[in-house]
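Here's the structure we're looking at; comments come further down.
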Amino acid sequence: MLECAKPFKKSEYLYGKPGSYFKNMIYREAVIEKIRLGKALRNELSKEVFDNGKHELNTRLNDVIKAIVFNEMLLKELDEKI
């Protein structure tokens, strides 16, 4: 079994969709969709934290933001912009 240095975060947690949602997409399409879904979830979580003071969501919000940045870097790599 493959072991990761950091705990693996599932698609549901980072994008609000199960991993199978991306199954039939081509790579570029999946990366773009992950960015789109991540930004939508980021906005939703930010509003919940701000409106309701749900500070326990901060960890998830930070993880979602990191996933957005990671996928944006993957897209830049695909476009040979890095």
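Each reported figure results from applying straightforward, stated rules to the coordinates on display, with no laboratory input. Quick caveat: nothing in here was measured; it's all calculated off a predicted structure. For neighbour counting, all protein chains shown are included, and Cβ atoms are generated from backbone atoms with ideal geometry for every residue, glycine included.
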To check my understanding: the extent here is largest minus smallest coordinate of the Cα atoms along each principal axis. What are those three numbers for the chain, in Å, largest first?
40, 33, 25
Going by alpha carbons, how many degrees (0 to 90, nearest 10) lie between the helix axis of 27-52 and the longest principal axis of the chain?
10 degrees
From the cross-link list K10/K81; K34/K81; K9/K66; K47/K76, the entries with a Cα-Cα span beyond 21 Å are K10/K81; K47/K76
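How big is the charge dipole of the chain about its Cα centre, in debye rounded to the nearest 20, if each Lys and Arg gets +1 on its Cβ and each Asp and Glu gets -1 on its Cβ? All intermediate terms of the calculation are to be shown ahead of the outcome.
On the way: 16 positive and 13 negative charges, 11 e Å.
For the chain, the charge dipole is close to 60 debye.
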Contour minus Cα-Cα span, D79 to K47, at 0.36 nm per residue, comes to 8.3 nm
Roughly what angle does helix 58-78 make with the longest principal axis of the chain, taking Cα atoms, 0 to 90 degrees, to the nearest 10?
20 degrees
Under a Gaussian network model of the chain whose springs join Cα atoms within less than 10 Å, the largest fluctuation of G16, G53, G38 belongs to G53
